[in-house]
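Peer 1: Before anything else, here's the structure in question.
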Amino acid sequence: MKAEVQLVREVLEGALAPAVATSVLFEALDRWDRGIPANAGEVLELVRGPLSDALRSKLDEAAAGELTATLEARLAHGAAHSAVLEPEVDLEVEIDLEDDLVSPFVDEDQELTTTTQMSAVSHPVSVLVVSGDRQFGARFTATLGEDRVHTLTVEDESALRHATFSANPQIVVVDATAPPRIPPAELAAALRNLPDATLPVLWALETEYGRSTRELARESRTLFLERREGIEPLLDLILSRFRKRTSSLPPPA
């Protein structure tokens, strides 16, 4: 993953509530529609275009403009020094956001009921994406970071069966906006047969493929999400499985 994409993610997470930061970046990459930015110039285009628009949908004009300017300045500084960030860099973001600008979008004490019986892991959460579009899974990695999520995308039934046992995913996400080459009946059967430790999620229930699959998978443990609810619930679900690794060494005296 490009260091500049990581920089953008860390600046957003330093300035916004976690759910807002991740959803804004995912939404911007979705609007970008050109895959993951491949160089510093493309990251800057992303920030000035789709990311700036996504921020304006969450914050007021002044706060969105200030955060966009901060991102541009940090990117310019990073390019000038060819800096490669370490995963745990603590960034100081010089932006003053009022609490009421971030708190309505996330309740850090509230979790999806489905996750209460799911144990967290200290390594990247394994997410198997079932989709005809490989960029959907790539956006998860760019949004959450390679230290928190590992994605694998499959688009047919045999690959789904193989990856279910070879990759041992914690979560299987079906992207109904770009249906895989699996008929709904066969997909529903595959979701019902997933291991108990794997949570199946269908994204974009409102699509024809999503509705058809739901009718056939009602008796499964599948969590159905509508696209109009935003990407936040799905990102929160993935992050709820991740437990940041802490050092066992005592702090320095």
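The values are calculated or read from the model by the stated rules, or taken from the named source; none is laboratory data. Remember, it's a predicted structure, so these values are computed and weren't measured experimentally. With ideal geometry, Cβ positions are generated from the backbone for all residues, glycine too; neighbour counts draw on all protein chains shown.
Peer 1: Does residue 153 meet the test of being touching a strand residue (DSSP E or B) at 6+ places or on another chain (Cβ under 6 Å), under 30 Å from residue 31 (Cβ atoms) and hydroxyl-bearing (Ser, Thr, Tyr)?
Peer 2: When the stated conditions are applied, residue 153 passes them.
Peer 1: Separate question: Please specify each residue of the range 36-53 satisfying the condition of being under 15 Å from residue 76 (Cβ atoms) and either in a helix (DSSP H, G or I) or out of contact with any Lys or Arg (no Cβ under 8 Å at 6 or more places or on another chain) (or both).
Peer 2: To start, the set of residues in the range 36-53 that are under 15 Å from residue 76 (Cβ atoms) comprises 39-48.
Passing the criteria: 40, 41, 42, 43, 44, 45, 46, 47, 48.
Peer 1: Looking at the structure I just gave you, is residue 140 of a type in the set (Phe, Trp, Tyr) and closer than 15 Å to residue 237 by Cβ? Steps first, answer last, please.
Peer 2: Values: of a type in the set (Phe, Trp, Tyr): yes; closer than 15 Å to residue 237 by Cβ: yes.
For residue 140, the condition - of a type in the set (Phe, Trp, Tyr) and closer than 15 Å to residue 237 by Cβ - is met.
Peer 1: Considering only residues that are touching a residue at least 40 places away in the same chain (Cβ under 8 Å) and of a type in the set (Gly, Ala, Ser), which ones fall in the range 198-233?
Peer 2: 230
Peer 1: Give 151, 143 a once-over and let me know the one that is touching a residue at least 40 places away in the same chain (Cβ under 8 Å), surrounded by 19 or more Cβ atoms within 10 Å (Cβ to Cβ) and touching a helix residue (DSSP H, G or I) at 6+ places or on another chain (Cβ under 6 Å).
Peer 2: 143 is the lone residue from the list that is touching a residue at least 40 places away in the same chain (Cβ under 8 Å), surrounded by 19 or more Cβ atoms within 10 Å (Cβ to Cβ) and touching a helix residue (DSSP H, G or I) at 6+ places or on another chain (Cβ under 6 Å).
Peer 1: On to the next question. Checking the conditions here, which among 13, 42, 4 is surrounded by fewer than 20 Cβ atoms within 10 Å (Cβ to Cβ) and over 14 Å from the mean Cα position of the chain (by Cα)?
Peer 2: It is 42.
Peer 1: Of all residues being more than 18 Å from residue 134 (Cβ to Cβ), free of Cβ contacts under 8 Å to residues at least 40 places away in the same chain and not charged (D, E, K, R) in the range 167-188, which is surrounded by the fewest Cβ atoms within 10 Å (Cβ to Cβ)? Just the residue, please.
Peer 2: Per the criteria, the residue is 185.
Peer 1: Which number in (1) under 14 Å from residue 130 (Cβ atoms); (2) among the aliphatic types (A, V, I, L, M); (3) crowded, with 17+ Cβ neighbours inside 10 Å; (4) over 23 Å from the mean Cα position of the chain (by Cα) marks the one condition that residue 191 misses?
Peer 2: Of everything listed in (1) under 14 Å from residue 130 (Cβ atoms); (2) among the aliphatic types (A, V, I, L, M); (3) crowded, with 17+ Cβ neighbours inside 10 Å; (4) over 23 Å from the mean Cα position of the chain (by Cα), residue 191 misses just condition (4).
Peer 1: Would you tally the residues in the range 112-141 being β-branched (Val, Ile, Thr), modelled with pLDDT under 95 and within 21 Å of residue 210 (Cα to Cα)?
Peer 2: Total satisfying the criteria: 1.
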